[in-house]
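Single-structure report; data block below.
The values are calculated or read from the model by the stated rules, or taken from the named source; none is laboratory data. Only a predicted model underlies this, so the values are computations on that prediction, with no experimental measurement involved. For neighbour counting, all protein chains shown are included, and Cβ atoms are generated from backbone atoms with ideal geometry for every residue, glycine included. Please note that ligands, DNA and RNA were not included when accessible areas were found on the heavy atoms of the full protein model with its side chains. Shrake-Rupley method; radii C 1.70, N 1.55, O 1.52, S 1.80 Å.
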Amino acid sequence: QLQLVESGGGLVQPGGAMRLSCAVSEVTKGYYAIGWFRQAPGKEREGVSCITSSDGSTVYADSVKGRFTISSDNAKNTIYLQLNSLKPEDTAVYYCAAVRFRRYYSCSIFPTGHHTEFDTWGQGTQVTVSS
């Protein structure tokens, strides 16, 4: 069983919206945080958003702030990333990842961190924004 499984990606027009899902397996429960990342071909991986498990606090990259929203549904063991007002530059493979093997983690350090604390990764889902 995969520990994290992303879904919801696809092709969307500029200005459109989609919701990505990150299903968390039972073995992964107990994580400290879930982050959403994206990587375009030939580009460095970018941290998009993060949600802290303990208090539900969230952070966003400046490039997506006001357009993307991260949320969790504990009953479904799923983390969502709502992508609104999409732009072509949002095109990338989107990954979710979990912090599992640390004493603690706070998403407060996510915007400027190198994200080495994220040790469990999903397979990614492609988001393509194009007309």
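Observations on the model:
- Rounded if a/c under 1.5, otherwise prolate or oblate - the chain, Cα gyration tensor axes: prolate
- Theoretical FRET efficiency, 1/(1+(r/R0)^6), r = Cβ-Cβ of LYS43 and ARG103, R0 35 Å, to 0.05: 0.65
- Only Cα pairs under 8 Å and 6+ residues apart enter the sum, and on that basis the relative contact order of the chain stands at 36 percent.
- Candidate cross-link partners of LYS43 among the lysines, defined by an alpha-carbon separation under 18 Å and a same-chain spacing of 8 or more, comprise LYS87.
- Among the GluC sites (Glu not before Pro) in region 1-110, those located in a DSSP loop and surrounded by at most 15 other Cβ atoms within 10 Å of their own Cβ are GLU44.
- Sorted peptide list for 56-68, 118-130, criterion being average Cβ within 10 angstrom, highest first: 118-130, 56-68
- Solvent exposure, largest accessible area first (probe 1.4 Å, DNA, RNA and ligands not counted), of SER106, SER54, SER49: SER54, SER106, SER49
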